[in-house]
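Okay, structure first, notes after.
The values are calculated or read from the model by the stated rules, or taken from the named source; none is laboratory data. Owing to the predicted nature of the structure, the values given are computational and were not obtained by experimental measurement. For neighbour counting, all protein chains shown are included, and Cβ atoms are generated from backbone atoms with ideal geometry for every residue, glycine included. Each accessible area value is taken on the protein alone, full model and side chains, heavy atoms only, with ligands, DNA and RNA left out. Shrake-Rupley method; radii C 1.70, N 1.55, O 1.52, S 1.80 Å.
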Amino acid sequence: MRHIIVLVTALVLWVTAGGPLAAQDWEDRRVFGTPTSNEATLRILSSTDTVFLAPIIEGFIRANPDWAVEYLVTGTADADMLFRAAPDRYDILISSAMDLQLKLVNDGYAHALDGVEHPEWAMWRQSLFAFTSEPAAIVLNRAAFKGRELPQTRQELITALRERSDYFTGRVGTYDVRRSGLGYLFATQDARVSETYWRLMEVMGALNTRLYCCSGDMIDDVAEGRILAAYNVLGSYAAARQEEDDRFAIIQPSDFPTMMMRTGFVSVQSVHMDEAEAFLRHLVAAQTGQGAQAATSPLPPLAVSADGSAGAIIPLDPSLMAFQDRLKRRTFLEEWENAVIQ
Amino acid sequence: MAENVHISGSLRRRLTFSLIGGAAILAATLYLVARSYSAQIAQQGQDNILGAAVSSILDVAIMRDGAVEVDFPYASFSMLNTPSDDRVFYAIHQDDTLLTGYEDLPRAPIPVGEKLGFATVEYAGTSLRLVSASRTLVGADLRSQVTVSIAQTQDALAVAQNRISRNVALFGAGFFLLTALLSFWASATTIAPLKRLTQSITRRGPTDLSPVSKPVPSEMAPLVGSLNTLMARLEQSLTRSEEFIAEAAHRVRTPLATVRAHAENTYQRVEREDNRAALRAMMRAVDESSRAAGQLLDHAMVTFRSDNLEKEQIDLVALAGELVRNLSPVAEMKDIDLILQGDAVVEIEGDAILLQNAIRNLIDNALKYSPVESRIELNVTATPRPQVVVCDQGPGFPPDRMQALTNRFSRGENAGDTVGSGLGLTIARDVVAVHGGSIHLSNRAEGGACVTLSF
């Protein structure tokens, strides 16, 4: 019965709002500024939680008071799907799944911007711009490791989980790579670098790991003690959360780091091309220390190493398309399921 | 002289333009060839990478349980990274069915005997370089043809080609400029012997008709040969006519002397005044003819002796004195004082007969144009240069034609009925010229003409 009510409500909303957008079940949806008309509203589709981008959007609204920004949040895989289905509905797409973003640009969905000063490794085709660098982290419940040394590498995590396998059974978590674009990106990059990933997945699978859609939920559950260890959590989210909650520890594995970059581009079919360009420039400037927002933004900035190179960050190049291949994805997911779901 | 010549173009300009034109064509050809060659090399580079990527994917294709698996390496795509972030498209086909990748991506035809097929195709609204390769997989009970195709945009290639084109264009322009400069130099060098020949002919004296003896480039040999032949013929005909004139004058003089003698005899005998007047006129005409014939002979002799000059030490004062003594009777007939002034001895190297001839002609002229009871002054001085100046008190030279007067058979307009052939000054000029000197005509302020011979 409840389902029917939801369905009817959704249907009513669809009809009244006049399109499938209203029916979309957003994780979050917020309008910044006062929309004077539908014409003067930028639509940003994003996988980044609103709170992280809010200061930047507010800064943009201050500079362009005539404009409003509708900020729509959904998962990375979802965002990719929605955008591919209707590229004219959104002016900007922001996502942490670099591979999905790069493939969208490769497939011609992005508009190129002229003269953006940005490191070569942090942009692709003058269209896709990276504006953060964020590590994948292991998040551990401090109580669970009381009196013990915190594992610093994947190998130490494997050892720690094995030592107390009964204790950890059902109380570990990681991304469900089948549902999360970012989870899939982290998993494929890990697997590419080291065989350790598969051993860890087998151990976690044996411990009956829980699978998550999003980093936020994993951090919540570790903090609350529902799970005791989470692997491949977005370090930036964990760090932001830790400022008010000290019940968990954030470990950046020292064996090999996995760093991703949050990227954004202007839709080639944007109806507000100039404003969308302006927003992206504003975003890039703010995140590379050129704008006034740099200090206030809770988003980690784009870390440029001393020599100007990308460092350990996943390279933004066509190799990202390899694991987006249908066959390769199917093979990887089969292997992953074999390891994790037992 | 050049103003009498019809000029059509310039050898030097034509040579320069031909060289510059050639350089321009060469530079343009160089540019086109280098650009197309570099484009080929750049294309070859992209083809090689695409080929390697295709092979790396095809290598891992296997048949497992009747299904094709292609778990290609990460590197297959990472090797396709370019500085211009070129877009990549790919497709893997099993027989004619798309296994994975981009739908509708065409497959490049693979030539028989080749492993890879290359093509340039239009896809997704852009031009792509496409490489395909295929392999036959054999399963338990089926054979399958797996084809891998990878296509890439050519942005990086275009950037490289533009850079190469720009560099090659700069190089070509530099080459052209250098060649243009060289062509100016080359044409100047080529034309130099012609200029030297022109100068050597221009610098010649008026009577120098000797052949050109300096070596000339082989291309100029026919021209110089013809010139030499022409000058030889000219000299021959000139000599012949001089000889003819001398012979004629000589032959005329003797009978004229006979006629003069008979006329004189008859004049003594006839009484009637009108007959005497006729005879005087006749004698005067005969004198005139005789004098003209004499001058023609003198001129011929000057011309002859000039070509075979015999130089010796001569005292101009002594020479002038002898002439004054010889001509004094003629002067006295007109009551003219012939006065010799100047230094005691003025010695020069020269041909006595020629110099005598020249000075006598000047005195003759002075006598002819001097009025009765006047003075003719001969000034012979050694400093600053040996000079002979003959001045009279006659009407002077017409100022506007002074230079022309030294030409052959040219007489002053104010000569009037004075007898003369117009050869006197010409003889004097030629004599001075062969002695390396000059003749100068002037009028005196107080009236009368002056001729200065400077040696």
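The figures follow:
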item: Residue among B:ILE7, B:ILE62, B:ILE57, B:ILE41 that is of a type in the set (A, V, I, L, M) and open to solvent by less than 30 Å² (accessible area, probe 1.4 Å); result: B:ILE57
item: Matching option when the condition is surrounded by fewer than 17 Cβ atoms within 10 Å (Cβ to Cβ) and aromatic (Phe, Trp, Tyr), among A:TYR167, A:TYR212; result: A:TYR167
item: Members of region A:109-124 found to be at pLDDT below 95 and not hydrophobic (A, V, I, L, M, F, W, C), listed by number; result: A:ASP114, A:GLY115, A:GLU117, A:HIS118, A:PRO119, A:GLU120
item: Among residues of region A:118-152, those that are open to solvent by less than 20 Å² (accessible area, probe 1.4 Å) and either under 30 Å from A:VAL203 (Cβ atoms) or out of contact with any strand residue (DSSP E or B) (no Cβ under 7 Å at 6 or more places or on another chain) (or both), counted; result: 13
item: Residue in region B:153-172 that is part of a helix (DSSP H, G or I), surrounded by fewer than 18 Cβ atoms within 10 Å (Cβ to Cβ), touching a residue at least 24 places away in the same chain (Cβ under 8 Å) and of a type in the set (Val, Ile, Thr) present; result: yes
item: Subset of region B:419-446 [at pLDDT below 80, part of a loop (DSSP other than H, G, I, E, B) and open to solvent by less than 30 Å² (accessible area, probe 1.4 Å)]; result: B:GLY420, B:SER421, B:GLY422, B:LEU423
item: Of residues in region B:64-88 being more than 8 Å from chain A (Cβ to nearest Cβ) and not in a loop (DSSP other than H, G, I, E, B), the one farthest from A:ALA191 (Cα to Cα); result: B:ALA67
item: Helices (runs of 4 or more DSSP H) wholly inside region A:137-214 that include at least 1 residues being out of contact with any Lys or Arg (no Cβ under 9 Å at 6 or more places or on another chain) and free of Cβ contacts under 8 Å to residues at least 60 places away in the same chain; result: A:154-163, A:165-168, A:181-193
item: Residue check for B:LEU58: hydrophobic (A, V, I, L, M, F, W, C), closer than 24 Å to B:ASP141 by Cβ and outside any strand (DSSP E or B); result: yes
item: Output for region B:20-38, where each listed residue is of a type outside the set (D, E, K, R), in contact (Cβ under 8 Å) with a residue 60 or more places away in the chain and open to solvent by 70 Å² or more (accessible area, probe 1.4 Å); result: B:LEU26
item: Residues being at the interface with chain B (Cβ under 7 Å from one of its Cβ atoms) and either part of a helix (DSSP H, G or I) or in contact with a His (Cβ under 6 Å, 6 or more places away or on another chain) (or both) - total across region A:315-339; result: 8
item: Selection count where residues are open to solvent by 70 Å² or more (accessible area, probe 1.4 Å) and outside any strand (DSSP E or B), scope region B:288-316; result: 5
item: Test for A:ALA238: is it buried (at least 16 other Cβ atoms within 10 Å of the Cβ) and either touching a Phe, Trp or Tyr at 6+ places or on another chain (Cβ under 7 Å) or free of Cβ contacts under 8 Å to residues at least 40 places away in the same chain (or both); result: no
